[in-house]
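Undergrad: There's a structure below that I have some questions on.
The values are calculated or read from the model by the stated rules, or taken from the named source; none is laboratory data. Since this is a predicted model, take the numbers as computed values, not measurements. Here the Cβ positions follow ideal geometry from the backbone for every residue, glycine too, while neighbour counts run over all protein chains shown. For accessibility, only protein heavy atoms count, side chains too; no ligands or nucleic acids. Shrake-Rupley method; radii C 1.70, N 1.55, O 1.52, S 1.80 Å.
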Amino acid sequence: MSKPLLAAMLSCAGTSLSDEEKKIFAKANPVGISLFARNLEEPTQIKRLINEIKNCVERDDILIAVDQEGGRVRRLKEPYFHPYSSQYSLGALPSDDVAKACKLHAKLISRDLKELGINVNYAPVLDIAYPQITEALRSRCFSDDIEKISFLGKIMVDEYMANGIIPCIKHMPGHGRATNDPHLELPVINATLSEIKKDIIPFKNCNQSPLGMTAHILLPAIDKNHPITQSKLGINKLIRTDMGFNGLLLSDAIDMQALHGSISERAISSVNAGCDCAVYCMGRIEELTELADKCPKLSDVGLERLDKALEVLHNNARRSVTKTEEKMYDALLGQVPVYKESYDATEVLHKIYKQKEGK
């Protein structure tokens, strides 16, 4: 990689790149691009968009990421893609079936992503589902049982990697005690140090993941002034030291209202605190331009972590996915009720931005 990489996961507005977006991506040479429902219609279009992105940056190994957790948070949906269940539903399975279902879940999703050219899944979620957890996160968590979360999380991380997909564990160091949604405001978690050490256990047990994502939470016991995403102390102590995580560290979406300042100020603060890359999701030209001009470049140690993550892409699926495995997955998940929910945090954030723009 001769040209420096922008320490960012950028985004685009629609189902194909505009001329402006092409120029920005070519100039910025970002570590990667995150795709959302607005970018994804059907397989042929998705492959075409990904090829456009790769042609802009002239890199086949650019990270192309998507949130395909399952349940509500799945950007690839029917009729073209299999309807995957939430982590809540997976975690509710009987003990004899849960490991098998989680392995199939990651294997089937890996198949879908690889066929499209997507190489990163922002999953699994390793937060603990405490009773007070916000609705923005509840259905996305396996359980309130730390051992179960660690066990199932490791199964998914290992299976994604074995099938050539880079997983991203989230939200470090644990979002489960938050009672409000960081898309809308900064959660303050007044947990003790012993409670925080409990929350990081699933992440510590899955620290082999090549990618991890921070949480936009304030932990006064660690840092009274900065959310973890922008806390040098929090990242160094909790994520790098206590968790032993040495993978590529991404911020959660810097568009969220939990953070303050211009979009470039948010990115710079996150990278200066220890995030290897800032994740930007809204795909606005003026903000993409700002990030291309002002976001830092990927550091040397960040580049080493990225190279290590990219090694996963050389892994081949252990065997092709069969219709029998799809039927087995559906039969296993048919045992548990679907978690009923109506709150979509991403849609809430989009509505807020549209209101600000007078749309």
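Undergrad: Return the total of residues in region 182-206 being assigned to a loop (DSSP other than H, G, I, E, B) and within 15 Å of T229 (Cβ to Cβ).
TA: Here the count works out to 6.
Undergrad: Determine whether D144 is outside any helix (DSSP H, G or I), acidic (D, E) and farther than 26 Å from L40 by Cα.
TA: Criteria met by D144.
Undergrad: May I ask you to list the residues in region 59-100 that are acidic (D, E) and at pLDDT 95 or above?
TA: Hits for region 59-100 are D60, D61, D67, E69, D97.
Undergrad: Let me ask you something else. With respect to I217, is the statement that it is at pLDDT 95 or above and over 17 Å from I254 (Cβ atoms) true?
TA: Criteria not met by I217.
Undergrad: Return the residues of region 131-163 that are touching a Ser or Thr at 6+ places or on another chain (Cβ under 7 Å) and closer than 13 Å to P210 by Cβ; say none if nothing qualifies.
TA: Result: V157, Y160.
Undergrad: Let me ask another. Quick one: D112 ticks every box in (1) touching a residue at least 60 places away in the same chain (Cβ under 8 Å); (2) open to solvent by 10 Å² or more (accessible area, probe 1.4 Å) bar one, so which box is it?
TA: All conditions pass for D112, except number (1).
Undergrad: Which one of T179, T229 is of a type in the set (S, T, N, Q), free of Cβ contacts under 8 Å to residues at least 60 places away in the same chain and either in a helix (DSSP H, G or I) or open to solvent by less than 30 Å² (accessible area, probe 1.4 Å) (or both)?
TA: T229
Undergrad: Another question, then. Can you tell me which residue is farthest from E326 (Cα to Cα) among those in region 59-105 that are without any contact (Cβ under 8 Å) to a residue 60 or more places away in the chain and small (G, A, S)?
TA: S95
Undergrad: Could you go through region 202-215 and let me know if any residue there is surrounded by fewer than 21 Cβ atoms within 10 Å (Cβ to Cβ) and small (G, A, S).
TA: No, region 202-215 contains no residue that is surrounded by fewer than 21 Cβ atoms within 10 Å (Cβ to Cβ) and small (G, A, S).
Undergrad: Kindly indicate the residue of region 123-167 that is surrounded by 24 or more Cβ atoms within 10 Å (Cβ to Cβ) and of a type in the set (F, W, Y) and also nearest to L250 (Cα to Cα) among those meeting that condition.
TA: Ranking the candidates gives Y160 first.
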